[in-house]
1. In vacuum, with every alpha carbon of the stretch 40-151 counted as one equal point scatterer, what does the Debye formula give for log10 I(q)/I(0) at q = 0.11, 0.13, 0.23 Å⁻¹? Two decimals, please.
2. What is the stretch 107-211 by shape, rounded, prolate or oblate, if you read a ≥ b ≥ c off the alpha carbon gyration tensor as root eigenvalues and call it rounded for a/c under 1.5, prolate for a/b larger than b/c, and oblate otherwise?
3. Give the cross-link partners of Lys164 among the aspartates and glutamates, using a straight C-alpha distance below 18 Å as the criterion and excluding same-chain residues fewer than 8 apart.
4. Can you put Arg76, Arg173, Arg29 in order, fewest other beta carbons within 10 Å first?
5. May I ask you to evaluate 6.51 cos²θ - 1.76 cosθ + 1.60, the Karplus curve with θ = phi - 60°, for each residue of the stretch 147-153 and list the ³J(HN,Hα) values in order in whole Hz, giving x for glycine and proline?
6. If R0 is 35 Å, what FRET efficiency do you get for Lys65 and Gln144 from their C-beta distance, rounded to 0.05?
7. Between their Cα atoms, which of Lys120/Lys183; Lys127/Lys162; Lys66/Lys189; Lys43/Lys108; Lys108/Lys189 are more than 20 Å away from each other?
8. Using a simple spin-label model with points 7 Å from Cα along the Cα→Cβ vector, what separation in nm is obtained for Lys165 and Ile105?
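Throughout, read-outs are computed from the coordinates displayed, never taken from laboratory work. What you see is a predicted model, and the numbers here were worked out from it, not measured in a lab. Note that each Cβ is placed from the backbone with ideal geometry, even for glycine, and that neighbours are counted across all protein chains shown.
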Amino acid sequence: MAQASDLLSQQPPPLSSAINIAVSNIDERDGDDYFAEAEKNEKRGDFNDAVTYFGKAAFEYNNAKKFTQYGNALLRLSNVHFLMAHYVEAEQVTLNVALKNYSRIGSKTGQMDSYAQLGKIYLAANKPTQALWFYTQQGIVAKQIGNNSAYIESVLGIAQVKTKKREYVLASRDLNRAELLAKSANITKFNSLIKEARALLPAKTMAKKPI
């Protein structure tokens, strides 16, 4: 698998001729094939193969100048590393490659997704200060682009960080806020996550739930 530094240093070929354009189309199709194979392996739990194929997909997308797909493959690669508890590798791919790619092409959504991934990685790696910062950045960008779901995710992430730091009252307030935001936006997918997060809080520290 290509290392994060290798992926970052890749320079796509100039598309100055019909031949180069044709090659780029082939690269994109190869990227799609590798990406599909990676997803199959991930679903089967064959994470090592998934890492390999997501890395190959990222390489081909970068060659084809398909930078949105390139970033998506990188985040999926990072997430497989996360599932394997390879937190350093997951961090490097997201922070040093995916986030820089999305910043370069001006993709707010990609930057937001990268921040969310980094928050999750740092939380799992027991680095709550870093996790809090990236979840906060996710929320800032989510508000900028009007993504209510991602903003609620950021609030839930912040609540998880505060729970880990044993700031239970503050965590409870964030969970109440997330619940209120979800109800206001008529988003039901967070109900079980909020319930599970509340179950981790001591009963005596629970802030009053919103009506």
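1. For the stretch 40-151 at q = 0.11, 0.13, 0.23 Å⁻¹, log10 I(q)/I(0) is -0.34, -0.47, -1.24.
2. Taking the square roots of the gyration eigenvalues as a ≥ b ≥ c, the stretch 107-211 is oblate.
3. Answer for Lys164, where 18 Å is the Cα cut-off: Glu153, Asp174, Glu196, listed by chain and number.
4. Fewest-to-most Cβ neighbours within 10 Å comes out as Arg29, Arg173, Arg76.
5. Result, rounded to whole Hz: 9, 4, 4, 5, 5, 5, 4.
6. Numbers: r = 26 Å, r/R0 = 0.75.
It comes to 0.85.
7. Exceeds cut-off: Lys120/Lys183; Lys66/Lys189; Lys43/Lys108; Lys108/Lys189.
8. Result: 3.4 nm between the two label points.
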